[in-house]
Structure formats: structure tokens, C-alpha cells
Amino acid sequence: MTRVLFITLMAVLLSACSSDWGWYVVNPTTPKGMTNLKFLLSGLGYTVLLSVTAIVISIIIGLLVALPGLSKNRLLKGFNRTYVELVRAVPILVMILWVYYGLPQLLSVTITVFWAGVIALALSDSAFEAEIFRAGIQSIDKGQYEASHTVALGYVDTMRFIILPQAIKRILPALGNQLVYMLKMSSLVSVIGMQELTRKANELVVTEYRPLEIYTILLLEYLVLILIVSAGVRWLERRMETDIAR
Amino acid sequence: MQSVSKFFGSFQALNSVSIDVRLGERVVVCGPSGSGKSTLIRCINQLEKHDEGSITIDGHPLQHNKKSLQVIHDNIGMVFQQFNLFPHLSVLDNLTLGPIRSRGMSKKQANELAMQYLERVRIPEQAAKYPSQLSGGQQQRVAIARSLCMEPKIMLFDEPTSALDPEMINEVLDVMVELAESGMTMICVTHEMGFARRVADTMVFMDHGQIIENTNTAKFFDSPESERCQEFLQQILPH
């Protein structure tokens, strides 16, 4: 991973030697460049906060939607299928616009840009989380449920202590993927005015007219963020591996 | 158990099976594969729901409801062919989870109980390990101890030694013999005829979802009545 980062950086720096580039806009040695750079980075907090809040909520909704899907009851199963199919069919950008402009009118409430973004991203992603959880839980051997029955555990305890801990370990890489995906999709929330990374870059481009350099920085910001997440997920996987010692 | 039948789709796994097991009785169920032995004992703790007939445990007829579930949880333990230990929990946690969560025991009480049963199956030193670090025989003994921690009145064994390497079979059977000698009610599906001869009060022979023979152990081995049972015994007893 560090190699990928290095090569990308080198490529950017090398091409920066050509006369078309104007790195002065984000040159940290000049006061103006430094100000611009700080401005760009100031969106980082919101991007992270938005993505993390959304992924937590989407995991909770995903689990709550996945469990009925594993039931033998047709109605519950139907609920799961309907939710997944409907939510999965909505483009994220459309979901963001609908939640921000549509939902307040429907419920006559006001929703801040941040929460509109969180709700839209969380809803969009929850359908995928639901499918991931369903697959993960289904991959656990039937014998685990039977053994749990013989030690008198009910449904909730069986899920909490036996099935989910094993399932989560198996779906951790997929959950990590979703977090990466969420970080990227959070850039779409810029369209409703959320002051995150992409929005900041857009605003700076309007004043500085240097889209190439500014968007290159933006690209690198996401790259670094996602590499950190990937490393974090791998660390967690290794930790669980040694914890469980299988 | 009265006239119990069980269908898997159009296949009839149990065909009007009736059997009575007294408290303290040791029953060994044998028969060719696919004869319904496992289904029989899995119906007793309702891992399989029976379609016809009635099953009564300690005076409580089993229905598909919460009260029946409670009766099963209070009275019946089970040991599986594949052990079915919880791989993400240590041996000690495997044993204490049930007592803590469903018997409302404190962690300390449950730990003491668990250690007591681990002594009994002779592996107290493995308490902190995870199932994957144990041999098959040790895992099965943990599974037996896990069931015993729930202090059941009846223990069901579903081919407990069939997944074990030959050299590990005896360590598990020894534990089961001790358990039988302690007066536990046991219903055991197994092909270990030496074990059966030693501990069983009653032998049940099944074929095609029916009980063909249900008789005391001595008679079963000396003079089985049905031809099918005689053939079966000839095939599996050492020559």
C-alpha cells in the first residue's frame, strides 16, 4: 500500500515539473498557498464524521433488516426483500436530494445538511449491509444454533453471543469495503452544501481557477484517508484472528 | 413417545415410533444409516419438530410453544457427532455461557461448576484454551461437560464418537460410561457395541424409520428376534 502511495506521489510530482501545473495555489511555503491548503483540509473533519456516523447507522439498520430475512416467516422475509430491492434501486445522489429537499416537506420538519447527508448515505448503504449480514449469518454452521439450543439460549442470546460474533469476523473485510465506499460517496453530499472535502475543493476552484492542482490535492486527500481505513481494517482482522486463535 | 412420525418432504423419517424411557434408564439406539436414529433423538429435544404423535417429558406433553421449550431447556442435554463447540469462546466460556445466561448463575458460581465438570471429564487444564487447540476427543469431552453444566435429567448422544480418530474414541466412551454409572438417563445413538453391551439397559434397533427391536441388552445381543437385526449385528460386530 505504501508503494502505491509513493508511486502516485511521484507521478504527481513529476508531472508537476511540466509548465502546465501551477502548484503555487497550494504551496505551503507561501502564505496564500498555506491558507488555501488549510481551507481544503478543513473539510476533512466533516467527511470523516459524516461517513463514520452514516456507516454506524447503516450497520444497525442493515442488521435489523437482515434478521427478518433469515426468518422462515414469509411476511418477515418479504419485508427484507422489499426493503433491499427498493433501497438498492435508488441512486445515492437522488437519495441525498430527496432526503434534503423532499423529506422535510413530507414530515414538515427541518433537517440540517449534515443529518440529511447522514440519513441519505446510511439508508443507501443499509441495503448492502443487510445483504452482507444475511450472507455472513447464513454462513454459520447450523450446528451452532443446535448447540445453543441445548444450552437453553433463546434467540436474542444465540444471536448476541454465538452467531453474530462469528459472523462479524467473517464479514469484516466486506464491512471495511463499505466504509471505504461510504468515504467516497460522502463527496456527493457536497451538492447540498455540506462543507466537506469535495465542497471545499469546489469552492476553492471557483476563486483560484486552478482545478487541476486543487482536484489533485482532493484526490490525494481521499487516497490517504482510504489507505488509513484499509490499514485499520487489516489490523482489526489480524487482531480478531489472534483473539479467536482459530 | 407415542406413535411419533416425522416427514422430510415426502420422505418419512419416522414411522409411528413409540418408546418409553424411564428415569435413570440407559438406552442405546442402533441401526443402519438413514434408519431414523438421529431423527428420533432430535425429536426428543425438538431440534426436529415431529409431525404426528406425542412426546411427553416428565409428564409434560411437548407442543410447539414456549412452555415446551422451557421443559426441554430444563431437562435435556445433547452431545453431537460434530461437537458443535462455540469456536470463538474459550473452553471455560463454552461451559459457562448457558448457566450464566439461562440459569441466572453468577460468573463465579458458573466457573466453579464448569471446573467441576471439566475435572470430571479430566481436562481441567484446558479451560483457558480455544476449541481449535484441542484434539477431537478433548473437544467432545468439553461438549459433554458443557451439557452437564446445564444439569439435565436426560442426556442425548448423537453418534458422539463417529467423528473421532480411533485412538480417541475410548477417552470419550470412558466419560460416558462414568456418566451412565452415575445414574444419568441416557439415550445414545452409537455403533459402539462394546459400550452398548457394557452400559445399556435397553437396546433399540431401528430400520426405515421404525423401531424393529426394543429389548433388554442381554437378550438383544444373544437372541435378537428379527432377521434384519441379526444381519445388522453380524455386519458390525467384530469377527
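The values are calculated or read from the model by the stated rules, or taken from the named source; none is laboratory data. Predicted model only: the values in this text are computed from it and were never measured. Heads up, the Cβs are rebuilt from the backbone with ideal geometry, glycines too, and the neighbour counts pull from every protein chain shown. Note: accessible area is taken over every heavy atom of the protein model, side chains too, but ligands, DNA and RNA are not part of it. Shrake-Rupley method; radii C 1.70, N 1.55, O 1.52, S 1.80 Å.
Specify the residue that is nearest to B:Leu47 (Cα to Cα); the eligible residues are those in the range A:146-156 that are within 7 Å of chain B (Cβ to nearest Cβ) and either in contact with an Asp or Glu (Cβ under 9 Å, 6 or more places away or on another chain) or surrounded by fewer than 18 Cβ atoms within 10 Å (Cβ to Cβ) (or both). Talk me through it step by step, then tell me what you get.
Just the residues of the range A:146-156 that are within 7 Å of chain B (Cβ to nearest Cβ), to begin with: A:146-147, A:149-153.
Those left that are additionally either in contact with an Asp or Glu (Cβ under 9 Å, 6 or more places away or on another chain) or surrounded by fewer than 18 Cβ atoms within 10 Å (Cβ to Cβ) (or both): A:146, A:152.
On the way: A:Glu146: 7, A:Ala152: 12 Å.
Step by step, filter the range A:146-156, then rank; the result is A:Glu146.
B:Gly137 - would you say it is buried (at least 16 other Cβ atoms within 10 Å of the Cβ), under 20 Å from the mean Cα position of the chain (by Cα) and under 24 Å from B:Asp165 (Cα atoms)?
Numbers: buried (at least 16 other Cβ atoms within 10 Å of the Cβ): yes; under 20 Å from the mean Cα position of the chain (by Cα): yes; under 24 Å from B:Asp165 (Cα atoms): yes.
Yes: the conditions hold for B:Gly137.
Here is a yes/no grid of residues against (1) farther than 21 Å from B:Thr185 by Cβ; (2) surrounded by fewer than 18 Cβ atoms within 10 Å (Cβ to Cβ):
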site	(1), (2)
B:Gly9	yes, yes
B:Ala13	yes, no
B:Val17	no, no
B:Asp20	no, yes
B:Val29	no, no
B:Lys37	no, no
B:Ile41	no, no
B:Ile44	no, no
B:Ile57	no, no
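Name every residue in the range B:155-175 that is in contact with a Ser or Thr (Cβ under 7 Å, 6 or more places away or on another chain) and assigned to a strand (DSSP E or B), in order of residue number.
Across the range B:155-175, the qualifying residues are B:Met155, B:Phe157, B:Asp158.
Looking only at the range A:98-115, filter to residues that are open to solvent by 70 Å² or more (accessible area, probe 1.4 Å) and in a helix (DSSP H, G or I); which one of those is nearest to A:Met182 (Cα to Cα)?
Of everything passing the filter in the range A:98-115, A:Trp115 is nearest to A:Met182 (Cα to Cα).
Name the one entry in A:Arg134, A:Arg160 that is charged (D, E, K, R), within 14 Å of another protein chain (Cβ to nearest Cβ) and within 30 Å of B:Leu69 (Cα to Cα). Quick ask: steps written out before the conclusion?
Values: A:Arg134 fails: within 14 Å of another protein chain (Cβ to nearest Cβ).
One residue alone meets the criteria, A:Arg160.
In the set B:Asp201, B:Asp165, which member is surrounded by fewer than 21 Cβ atoms within 10 Å (Cβ to Cβ) and touching a strand residue (DSSP E or B) at 6+ places or on another chain (Cβ under 6 Å)?
Values: B:Asp165 fails: touching a strand residue (DSSP E or B) at 6+ places or on another chain (Cβ under 6 Å).
Step by step, each of B:Asp201, B:Asp165 is checked, and only B:Asp201 is surrounded by fewer than 21 Cβ atoms within 10 Å (Cβ to Cβ) and touching a strand residue (DSSP E or B) at 6+ places or on another chain (Cβ under 6 Å).
It is to be established whether one or more residues within the range B:95-116 are facing chain A (nearest Cβ under 9 Å), farther than 25 Å from B:Cys43 by Cα, surrounded by fewer than 24 Cβ atoms within 10 Å (Cβ to Cβ) and not aliphatic (A, V, I, L, M).
Checking the range B:95-116: not a single residue is facing chain A (nearest Cβ under 9 Å), farther than 25 Å from B:Cys43 by Cα, surrounded by fewer than 24 Cβ atoms within 10 Å (Cβ to Cβ) and not aliphatic (A, V, I, L, M).
In the range B:32-89, how many residues are in contact with a Ser or Thr (Cβ under 7 Å, 6 or more places away or on another chain), of a type in the set (Val, Ile, Thr) and away from every other protein chain (no Cβ under 11 Å)?
Of the residues in that region, 0 qualify.
Can A:Leu179 be described as away from chain B (no Cβ under 14 Å), open to solvent by less than 20 Å² (accessible area, probe 1.4 Å) and either among the charged types (D, E, K, R) or touching a helix residue (DSSP H, G or I) at 6+ places or on another chain (Cβ under 6 Å) (or both)?
No.
What do you reckon, is B:Ala143 within 13 Å of chain A (Cβ to nearest Cβ), in contact (Cβ under 8 Å) with a residue 12 or more places away in the chain and either part of a loop (DSSP other than H, G, I, E, B) or among the aromatic types (Phe, Trp, Tyr) (or both)? Explain how you work it out, then say what you get.
Details: within 13 Å of chain A (Cβ to nearest Cβ): yes; in contact (Cβ under 8 Å) with a residue 12 or more places away in the chain: yes; either part of a loop (DSSP other than H, G, I, E, B) or among the aromatic types (Phe, Trp, Tyr) (or both): no.
For B:Ala143, the condition - within 13 Å of chain A (Cβ to nearest Cβ), in contact (Cβ under 8 Å) with a residue 12 or more places away in the chain and either part of a loop (DSSP other than H, G, I, E, B) or among the aromatic types (Phe, Trp, Tyr) (or both) - is not met.
Return the residues of the range B:85-94 that are surrounded by fewer than 23 Cβ atoms within 10 Å (Cβ to Cβ), touching a helix residue (DSSP H, G or I) at 6+ places or on another chain (Cβ under 6 Å) and of a type in the set (S, T, N, Q); say none if nothing qualifies.
Passing the criteria: none in range.
Need the failing condition index for A:Gly143 against (1) within 14 Å of chain B (Cβ to nearest Cβ); (2) out of contact with any helix residue (DSSP H, G or I) (no Cβ under 8 Å at 6 or more places or on another chain); (3) open to solvent by 10 Å² or more (accessible area, probe 1.4 Å), just the number.
Looking at each condition in turn, A:Gly143 falls short on (3).
Give the residues of the range B:118-132 that are in a helix (DSSP H, G or I), within 14 Å of chain A (Cβ to nearest Cβ) and either in contact with a Lys or Arg (Cβ under 8 Å, 6 or more places away or on another chain) or open to solvent by 40 Å² or more (accessible area, probe 1.4 Å) (or both), sorted by residue number. Write out each step before concluding.
Restricting attention to the range B:118-132, the residues satisfying the condition of being in a helix (DSSP H, G or I) are B:118-120, B:124-126, B:131-132.
Still in the running and within 14 Å of chain A (Cβ to nearest Cβ): B:126, B:131-132.
Residue satisfying the conditions is B:Ser132 alone.
Of A:Leu123, A:Leu97, A:Leu103, which residue is more than 29 Å from A:Leu76 (Cα to Cα) and in contact with a helix residue (DSSP H, G or I) (Cβ under 8 Å, 6 or more places away or on another chain)? Spell out how you get there, then give the answer.
Values: A:Leu123 fails: more than 29 Å from A:Leu76 (Cα to Cα); A:Leu103 fails: more than 29 Å from A:Leu76 (Cα to Cα).
Just a single option satisfies the conditions, and that option is A:Leu97.
Conditions first: (1) farther than 27 Å from A:Met240 by Cα; (2) at pLDDT 90 or above; (3) away from every other protein chain (no Cβ under 11 Å). B:Asp158 passes all but one, so which condition is the exception?
Unmet condition: (3).
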